[in-house]
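Colleague: Quick one: structure below, then a few questions.
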Amino acid sequence: MIIMSDFASFIEKQMNSFFGDSLFDDFIHKELVPLVHLKEKDSAWSLEVDLPLVDKKNIEVKSSANNLTVKAKLTKSFCVSRGNVLTEFEYFKKTITLPSGINTKEISAKFKDGILKITMPKSGTGTKIPIE
Amino acid sequence: MFKKMEKSRVKKLDLPKNPTVLILGLPGPGLIGTMSLTYIIHALKMDLIGEIESSPTSIVFIDNGQIMGPVRIYKKDKIFAILSDIPIDFDNVTDFTESVIDFSKKNNIDSIMFISGIHVPERNVSNLKTYGLVTHEKLEKLLYENEIPKFLSGVISGPDATILTILKNSSIPALVLHTECNYFFPDPDAAMQTIKTLSHIIKREIDLTEFKKQIEYLRLQNRQLMEETLNVLQAQKEPSSAPPQIYK
(Lines give C-alpha, C1' and ligand atoms only; values in the text may rest on other atoms or scores of the structure.)
Protein backbone atom coordinates (compact mmCIF):
# COMPACT_ATOMS: atom_id res chain seq x y z
CA MET A 1 0.00 0.00 0.00
CA ILE A 2 1.23 3.46 -0.80
CA ILE A 3 1.71 5.76 2.14
CA MET A 4 1.09 9.36 1.21
CA SER A 5 2.30 11.17 4.26
CA ASP A 6 3.40 14.13 2.25
CA PHE A 7 1.73 15.29 -0.93
CA ALA A 8 4.82 16.91 -2.40
CA SER A 9 7.07 13.91 -1.96
CA PHE A 10 4.33 11.68 -3.30
CA ILE A 11 4.00 13.72 -6.46
CA GLU A 12 7.76 13.88 -6.89
CA LYS A 13 8.18 10.15 -6.37
CA GLN A 14 5.35 9.43 -8.76
CA MET A 15 6.63 11.69 -11.51
CA ASN A 16 10.19 10.51 -11.12
CA SER A 17 9.06 6.92 -11.38
CA PHE A 18 7.10 7.40 -14.55
CA PHE A 19 9.02 10.13 -16.25
CA GLY A 20 12.17 10.37 -14.15
CA ASP A 21 14.52 10.02 -17.06
CA SER A 22 13.32 13.30 -18.36
CA LEU A 23 13.30 13.24 -22.12
CA PHE A 24 14.01 16.88 -22.58
CA ASP A 25 15.74 18.58 -19.65
CA ASP A 26 19.39 19.39 -20.15
CA PHE A 27 21.17 17.59 -17.31
CA ILE A 28 24.61 18.55 -18.60
CA HIS A 29 24.01 22.30 -18.56
CA LYS A 30 21.54 21.97 -15.68
CA GLU A 31 18.78 23.74 -17.60
CA LEU A 32 15.12 22.86 -17.52
CA VAL A 33 13.21 23.03 -20.77
CA PRO A 34 9.90 24.84 -20.34
CA LEU A 35 6.66 23.84 -22.02
CA VAL A 36 5.80 26.08 -24.95
CA HIS A 37 2.84 26.54 -27.22
CA LEU A 38 3.00 28.25 -30.58
CA LYS A 39 -0.16 29.41 -32.28
CA GLU A 40 -0.70 31.16 -35.60
CA LYS A 41 -3.14 34.04 -35.73
CA ASP A 42 -4.17 36.27 -38.64
CA SER A 43 -1.47 38.88 -38.33
CA ALA A 44 0.95 37.37 -35.84
CA TRP A 45 2.33 34.24 -34.24
CA SER A 46 1.82 33.84 -30.51
CA LEU A 47 4.31 31.88 -28.44
CA GLU A 48 3.46 31.03 -24.84
CA VAL A 49 6.16 29.78 -22.48
CA ASP A 50 5.24 28.27 -19.11
CA LEU A 51 7.67 29.66 -16.53
CA PRO A 52 6.70 28.68 -12.98
CA LEU A 53 8.98 29.81 -10.14
CA VAL A 54 10.25 32.72 -12.20
CA ASP A 55 10.20 36.51 -11.67
CA LYS A 56 9.71 38.84 -14.61
CA LYS A 57 13.03 40.59 -13.93
CA ASN A 58 14.90 37.30 -14.37
CA ILE A 59 13.63 36.55 -17.87
CA GLU A 60 15.77 37.19 -20.93
CA VAL A 61 14.39 36.95 -24.45
CA LYS A 62 16.74 37.16 -27.42
CA SER A 63 15.91 36.92 -31.09
CA SER A 64 18.17 36.47 -34.08
CA ALA A 65 17.30 36.11 -37.73
CA ASN A 66 15.99 32.57 -37.37
CA ASN A 67 15.84 31.78 -33.67
CA LEU A 68 14.30 33.02 -30.48
CA THR A 69 15.76 32.08 -27.12
CA VAL A 70 14.10 32.40 -23.73
CA LYS A 71 16.23 32.03 -20.63
CA ALA A 72 14.88 32.51 -17.11
CA LYS A 73 16.39 32.09 -13.67
CA LEU A 74 14.35 30.22 -11.10
CA THR A 75 13.61 31.98 -7.81
CA LYS A 76 14.58 28.74 -6.03
CA SER A 77 16.66 25.93 -7.43
CA PHE A 78 14.78 22.80 -8.40
CA CYS A 79 16.25 19.36 -7.72
CA VAL A 80 15.65 16.23 -9.72
CA SER A 81 16.96 12.88 -8.53
CA ARG A 82 17.88 10.13 -10.95
CA GLY A 83 18.97 7.06 -9.08
CA ASN A 84 21.50 8.30 -6.56
CA VAL A 85 22.37 11.43 -8.51
CA LEU A 86 20.73 14.70 -7.54
CA THR A 87 20.78 17.43 -10.18
CA GLU A 88 20.08 21.00 -9.21
CA PHE A 89 18.47 23.20 -11.87
CA GLU A 90 18.61 26.97 -11.72
CA TYR A 91 17.46 28.00 -15.18
CA PHE A 92 14.85 27.43 -17.81
CA LYS A 93 16.11 27.64 -21.38
CA LYS A 94 14.39 27.14 -24.68
CA THR A 95 15.35 28.03 -28.24
CA ILE A 96 12.83 27.78 -31.04
CA THR A 97 13.18 28.28 -34.77
CA LEU A 98 11.11 31.27 -35.78
CA PRO A 99 8.37 30.74 -38.34
CA SER A 100 9.17 32.42 -41.66
CA GLY A 101 7.89 35.91 -42.43
CA ILE A 102 8.27 37.38 -38.94
CA ASN A 103 8.94 41.05 -38.40
CA THR A 104 11.64 40.51 -35.77
CA LYS A 105 11.83 44.23 -34.91
CA GLU A 106 8.21 44.21 -33.74
CA ILE A 107 8.38 41.21 -31.43
CA SER A 108 6.90 41.99 -28.02
CA ALA A 109 6.55 40.05 -24.76
CA LYS A 110 4.29 40.05 -21.72
CA PHE A 111 4.55 38.06 -18.48
CA LYS A 112 1.43 37.24 -16.50
CA ASP A 113 0.56 34.46 -14.04
CA GLY A 114 3.85 32.70 -14.74
CA ILE A 115 3.29 32.54 -18.48
CA LEU A 116 5.43 34.51 -20.92
CA LYS A 117 3.49 35.47 -24.02
CA ILE A 118 5.56 36.53 -27.01
CA THR A 119 3.78 38.13 -29.94
CA MET A 120 5.59 37.92 -33.25
CA PRO A 121 3.89 40.02 -35.95
CA LYS A 122 4.02 38.78 -39.51
CA SER A 123 5.92 41.03 -41.86
CA GLY A 124 2.87 41.43 -44.09
CA THR A 125 4.93 41.64 -47.23
CA GLY A 126 4.71 39.17 -50.02
CA THR A 127 4.28 38.77 -53.74
CA LYS A 128 0.87 39.66 -55.04
CA ILE A 129 -0.59 36.81 -57.03
CA PRO A 130 -2.95 37.75 -59.83
CA ILE A 131 -6.33 36.04 -59.95
CA GLU A 132 -7.47 34.97 -63.39
CA MET B 1 -61.07 30.06 -21.90
CA PHE B 2 -58.34 28.77 -19.72
CA LYS B 3 -56.31 25.88 -20.92
CA LYS B 4 -56.27 23.16 -18.36
CA MET B 5 -52.84 22.94 -16.78
CA GLU B 6 -51.11 19.72 -17.62
CA LYS B 7 -49.83 17.64 -14.83
CA SER B 8 -46.16 18.40 -14.22
CA ARG B 9 -43.86 15.62 -15.18
CA VAL B 10 -41.34 15.18 -12.42
CA LYS B 11 -39.06 12.26 -12.70
CA LYS B 12 -38.56 10.55 -9.37
CA LEU B 13 -35.19 11.34 -7.83
CA ASP B 14 -33.99 8.00 -6.66
CA LEU B 15 -30.34 8.77 -5.91
CA PRO B 16 -29.67 7.61 -2.33
CA LYS B 17 -29.13 10.25 0.34
CA ASN B 18 -25.65 8.95 1.02
CA PRO B 19 -24.63 7.53 -2.35
CA THR B 20 -21.54 5.52 -3.17
CA VAL B 21 -19.57 7.55 -5.67
CA LEU B 22 -16.63 6.91 -7.92
CA ILE B 23 -14.37 9.80 -8.94
CA LEU B 24 -12.48 9.32 -12.16
CA GLY B 25 -9.40 11.39 -13.03
CA LEU B 26 -6.86 10.97 -15.81
CA PRO B 27 -4.36 13.14 -17.66
CA GLY B 28 -6.13 15.54 -20.01
CA PRO B 29 -6.34 19.28 -20.70
CA GLY B 30 -4.28 21.17 -18.11
CA LEU B 31 -3.84 17.88 -16.21
CA ILE B 32 -6.90 18.83 -14.17
CA GLY B 33 -8.10 15.26 -13.59
CA THR B 34 -4.75 13.94 -12.40
CA MET B 35 -3.70 16.84 -10.19
CA SER B 36 -7.06 17.28 -8.47
CA LEU B 37 -7.73 13.60 -7.88
CA THR B 38 -4.18 12.96 -6.64
CA TYR B 39 -4.72 15.65 -4.02
CA ILE B 40 -8.20 14.43 -3.07
CA ILE B 41 -6.79 10.91 -2.53
CA HIS B 42 -4.04 12.38 -0.39
CA ALA B 43 -6.30 14.75 1.59
CA LEU B 44 -8.98 12.15 2.31
CA LYS B 45 -6.32 9.54 3.14
CA MET B 46 -7.87 7.08 0.74
CA ASP B 47 -6.56 3.51 0.69
CA LEU B 48 -5.15 1.86 -2.38
CA ILE B 49 -7.36 -1.17 -2.98
CA GLY B 50 -6.45 -2.29 -6.48
CA GLU B 51 -5.59 -1.57 -10.06
CA ILE B 52 -7.28 -1.72 -13.41
CA GLU B 53 -5.28 -4.50 -15.02
CA SER B 54 -6.72 -4.22 -18.49
CA SER B 55 -5.24 -0.77 -18.78
CA PRO B 56 -2.20 -0.28 -21.00
CA THR B 57 0.68 -1.12 -18.69
CA SER B 58 3.88 -0.32 -20.47
CA ILE B 59 5.04 1.28 -17.27
CA VAL B 60 4.92 0.45 -13.55
CA PHE B 61 6.13 2.23 -10.50
CA ILE B 62 7.69 0.84 -7.37
CA ASP B 63 6.89 2.16 -3.93
CA ASN B 64 8.27 0.54 -0.77
CA GLY B 65 9.18 -2.52 -2.82
CA GLN B 66 5.67 -2.88 -4.23
CA ILE B 67 5.00 -2.91 -7.97
CA MET B 68 2.09 -0.72 -8.92
CA GLY B 69 0.42 -0.07 -12.23
CA PRO B 70 -0.43 3.36 -13.57
CA VAL B 71 -4.21 3.01 -13.17
CA ARG B 72 -5.08 2.51 -9.54
CA ILE B 73 -8.22 2.27 -7.43
CA TYR B 74 -8.58 3.93 -4.05
CA LYS B 75 -11.35 3.86 -1.44
CA LYS B 76 -12.45 5.69 1.68
CA ASP B 77 -15.86 5.02 3.18
CA LYS B 78 -18.36 5.38 0.34
CA ILE B 79 -15.98 7.18 -2.01
CA PHE B 80 -13.99 5.31 -4.62
CA ALA B 81 -11.40 6.90 -6.91
CA ILE B 82 -9.79 5.66 -10.10
CA LEU B 83 -6.64 7.57 -10.96
CA SER B 84 -4.53 7.17 -14.06
CA ASP B 85 -0.98 8.49 -14.16
CA ILE B 86 -0.66 7.96 -17.88
CA PRO B 87 -2.76 9.45 -20.66
CA ILE B 88 -5.28 6.99 -22.10
CA ASP B 89 -4.92 6.89 -25.86
CA PHE B 90 -7.62 6.34 -28.46
CA ASP B 91 -6.83 2.62 -28.86
CA ASN B 92 -7.38 1.95 -25.15
CA VAL B 93 -10.00 4.43 -24.03
CA THR B 94 -13.00 2.18 -24.79
CA ASP B 95 -11.58 -0.81 -22.87
CA PHE B 96 -10.56 1.49 -20.07
CA THR B 97 -14.01 3.05 -19.70
CA GLU B 98 -15.74 -0.32 -19.90
CA SER B 99 -13.46 -1.55 -17.12
CA VAL B 100 -14.49 1.47 -15.04
CA ILE B 101 -18.17 0.72 -15.62
CA ASP B 102 -17.66 -2.97 -14.89
CA PHE B 103 -15.92 -2.09 -11.63
CA SER B 104 -18.72 0.35 -10.76
CA LYS B 105 -21.42 -2.27 -11.29
CA LYS B 106 -19.60 -4.84 -9.16
CA ASN B 107 -19.15 -2.33 -6.35
CA ASN B 108 -22.68 -0.86 -6.41
CA ILE B 109 -21.54 2.62 -7.37
CA ASP B 110 -24.51 5.01 -7.47
CA SER B 111 -22.82 7.66 -9.59
CA ILE B 112 -19.56 8.31 -11.41
CA MET B 113 -17.92 11.74 -11.30
CA PHE B 114 -15.50 12.39 -14.12
CA ILE B 115 -13.26 15.44 -13.69
CA SER B 116 -11.49 17.17 -16.55
CA GLY B 117 -10.63 20.57 -18.03
CA ILE B 118 -11.88 22.69 -20.87
CA HIS B 119 -9.74 25.12 -22.83
CA VAL B 120 -10.37 28.81 -22.29
CA PRO B 121 -7.82 31.01 -24.12
CA GLU B 122 -7.95 34.06 -21.85
CA ARG B 123 -9.03 32.51 -18.58
CA ASN B 124 -9.37 34.60 -15.44
CA VAL B 125 -7.33 32.73 -12.82
CA SER B 126 -9.15 34.43 -9.94
CA ASN B 127 -12.57 33.47 -11.26
CA LEU B 128 -12.40 30.06 -12.89
CA LYS B 129 -15.66 28.28 -13.53
CA THR B 130 -16.51 24.61 -13.40
CA TYR B 131 -19.26 23.44 -15.73
CA GLY B 132 -21.30 20.31 -15.26
CA LEU B 133 -22.85 17.76 -17.57
CA VAL B 134 -25.02 14.89 -16.45
CA THR B 135 -25.84 11.71 -18.30
CA HIS B 136 -29.00 10.97 -16.32
CA GLU B 137 -31.70 13.38 -15.26
CA LYS B 138 -31.56 12.42 -11.62
CA LEU B 139 -28.14 14.05 -11.25
CA GLU B 140 -29.43 17.45 -12.44
CA LYS B 141 -30.29 18.17 -8.81
CA LEU B 142 -26.62 17.95 -7.86
CA LEU B 143 -25.77 20.71 -10.31
CA TYR B 144 -28.55 22.92 -8.97
CA GLU B 145 -27.75 22.28 -5.30
CA ASN B 146 -24.05 23.02 -5.80
CA GLU B 147 -24.60 26.03 -8.07
CA ILE B 148 -22.67 24.43 -10.91
CA PRO B 149 -23.49 26.01 -14.27
CA LYS B 150 -24.53 23.51 -16.89
CA PHE B 151 -22.27 22.99 -19.89
CA LEU B 152 -24.76 24.26 -22.46
CA SER B 153 -22.92 24.25 -25.75
CA GLY B 154 -19.48 23.54 -27.12
CA VAL B 155 -17.38 20.66 -28.33
CA ILE B 156 -15.64 17.98 -26.28
CA SER B 157 -13.07 15.94 -28.14
CA GLY B 158 -10.38 13.34 -27.52
CA PRO B 159 -10.61 10.63 -24.85
CA ASP B 160 -13.12 12.72 -22.89
CA ALA B 161 -15.61 12.42 -25.76
CA THR B 162 -15.30 8.62 -25.87
CA ILE B 163 -15.56 8.33 -22.09
CA LEU B 164 -18.60 10.61 -22.08
CA THR B 165 -20.33 8.60 -24.81
CA ILE B 166 -19.78 5.30 -23.03
CA LEU B 167 -20.89 6.76 -19.69
CA LYS B 168 -24.00 8.17 -21.35
CA ASN B 169 -24.94 4.73 -22.63
CA SER B 170 -24.29 3.04 -19.30
CA SER B 171 -26.92 2.44 -16.62
CA ILE B 172 -24.81 4.23 -13.99
CA PRO B 173 -25.46 7.97 -13.85
CA ALA B 174 -22.43 10.16 -14.37
CA LEU B 175 -21.62 13.76 -13.61
CA VAL B 176 -18.88 15.29 -15.73
CA LEU B 177 -17.10 18.37 -14.41
CA HIS B 178 -15.12 20.55 -16.80
CA THR B 179 -13.14 23.42 -15.31
CA GLU B 180 -11.87 26.33 -17.39
CA CYS B 181 -8.15 25.81 -17.86
CA ASN B 182 -5.03 26.33 -19.89
CA TYR B 183 -5.14 23.33 -22.22
CA PHE B 184 -1.43 23.23 -22.96
CA PHE B 185 0.22 23.75 -19.57
CA PRO B 186 -0.39 22.11 -16.18
CA ASP B 187 -3.00 24.29 -14.51
CA PRO B 188 -3.03 23.82 -10.71
CA ASP B 189 -5.32 26.84 -10.26
CA ALA B 190 -7.99 25.10 -12.31
CA ALA B 191 -7.32 21.84 -10.47
CA MET B 192 -7.88 23.68 -7.20
CA GLN B 193 -11.22 25.00 -8.46
CA THR B 194 -12.19 21.43 -9.38
CA ILE B 195 -11.31 20.20 -5.89
CA LYS B 196 -13.45 22.95 -4.33
CA THR B 197 -16.43 22.05 -6.50
CA LEU B 198 -16.05 18.34 -5.93
CA SER B 199 -15.66 18.74 -2.17
CA HIS B 200 -19.11 20.39 -2.06
CA ILE B 201 -20.65 17.59 -4.08
CA ILE B 202 -19.19 14.78 -2.00
CA LYS B 203 -19.77 16.81 1.18
CA ARG B 204 -16.20 16.48 2.41
CA GLU B 205 -14.09 19.37 3.54
CA ILE B 206 -10.75 19.38 1.78
CA ASP B 207 -8.04 21.64 3.14
CA LEU B 208 -6.19 23.22 0.21
CA THR B 209 -3.35 24.78 2.20
CA GLU B 210 -0.82 22.15 1.17
CA PHE B 211 -1.93 22.28 -2.45
CA LYS B 212 -1.56 26.08 -2.58
CA LYS B 213 2.01 25.80 -1.30
CA GLN B 214 2.85 23.39 -4.13
CA ILE B 215 1.27 25.24 -7.06
CA GLU B 216 4.53 26.36 -8.70
CA TYR B 217 6.19 22.98 -8.14
CA LEU B 218 3.20 21.14 -9.57
CA ARG B 219 3.65 23.10 -12.79
CA LEU B 220 7.35 22.23 -12.82
CA GLN B 221 6.97 18.57 -11.90
CA ASN B 222 4.19 17.85 -14.33
CA ARG B 223 5.85 19.21 -17.49
CA GLN B 224 6.75 15.77 -18.77
CA LEU B 225 3.30 14.31 -18.14
CA MET B 226 1.73 17.33 -19.84
CA GLU B 227 3.96 16.78 -22.86
CA GLU B 228 3.02 13.09 -23.01
CA THR B 229 -0.66 13.96 -22.64
CA LEU B 230 -0.58 16.51 -25.44
CA ASN B 231 1.11 13.97 -27.71
CA VAL B 232 -1.79 11.58 -27.07
CA LEU B 233 -4.44 14.27 -27.47
CA GLN B 234 -2.91 15.58 -30.68
CA ALA B 235 -2.41 12.11 -32.16
CA GLN B 236 -6.17 11.63 -32.08
CA LYS B 237 -6.95 14.69 -34.09
CA GLU B 238 -7.64 14.47 -37.79
CA PRO B 239 -4.52 15.05 -39.90
CA SER B 240 -4.33 18.72 -40.65
CA SER B 241 -2.37 20.90 -43.00
CA ALA B 242 -2.13 23.55 -40.30
CA PRO B 243 1.30 24.22 -38.80
CA PRO B 244 2.17 22.21 -35.69
CA GLN B 245 0.98 23.93 -32.52
CA ILE B 246 3.60 22.50 -30.27
CA TYR B 247 7.30 22.94 -30.65
CA LYS B 248 9.38 20.30 -28.93
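Colleague: Is it the case that the range B:117-135 has a residue that's in contact with a Ser or Thr (Cβ under 6 Å, 6 or more places away or on another chain), crowded, with 16+ Cβ neighbours inside 10 Å and charged (D, E, K, R)?
Modeller: no
Colleague: Same structure, new question: Restricting attention to the range B:36-52, and to residues there that are in contact (Cβ under 8 Å) with a residue 24 or more places away in the chain and farther than 27 Å from B:ASP189 by Cα, which single residue is nearest to the other protein chains (Cβ to nearest Cβ)?
Modeller: The selected residue is B:ILE49.
Colleague: Also: Need the failing condition index for B:PHE184 against (1) over 18 Å from B:LEU218 (Cβ atoms); (2) of a type outside the set (Ser, Thr, Tyr); (3) assigned to a loop (DSSP other than H, G, I, E, B), just the number.
Modeller: (1)
Colleague: Okay, moving on. Kindly list the number of the only condition in (1) of a type in the set (Asp, Glu); (2) closer than 22 Å to B:ILE195 by Cβ; (3) surrounded by 15 or more Cβ atoms within 10 Å (Cβ to Cβ) that fails for B:GLU145.
Modeller: Evaluating B:GLU145 over (1) of a type in the set (Asp, Glu); (2) closer than 22 Å to B:ILE195 by Cβ; (3) surrounded by 15 or more Cβ atoms within 10 Å (Cβ to Cβ) leaves (3) as the failure.
Colleague: Could we say that A:VAL36 is closer than 21 Å to B:LEU218 by Cβ and among the β-branched types (Val, Ile, Thr) here? Please lay out each step first, then the result.
Modeller: On the way: closer than 21 Å to B:LEU218 by Cβ: yes; among the β-branched types (Val, Ile, Thr): yes.
Yes.
Colleague: Continuing with this model, one more query. Scanning for something away from chain A (no Cβ under 11 Å) and at pLDDT below 75, does the range B:14-35 turn up at least one residue?
Modeller: yes
Colleague: Please give the number of the condition A:LYS39 fails out of (1) within 9 Å of chain B (Cβ to nearest Cβ); (2) buried (at least 19 other Cβ atoms within 10 Å of the Cβ).
Modeller: Only one criterion in (1) within 9 Å of chain B (Cβ to nearest Cβ); (2) buried (at least 19 other Cβ atoms within 10 Å of the Cβ) is unmet by A:LYS39, namely (2).
Colleague: Can you report the number of residues in the range B:75-116 which are more than 29 Å from B:PRO16 (Cβ to Cβ) and not β-branched (Val, Ile, Thr)?
Modeller: 7
The values are calculated or read from the model by the stated rules, or taken from the named source; none is laboratory data. Only a predicted model underlies this, so the values are computations on that prediction, with no experimental measurement involved. Quick reminder, even Gly has a Cβ in these numbers, built from the backbone with ideal geometry, and neighbours come from all protein chains shown.
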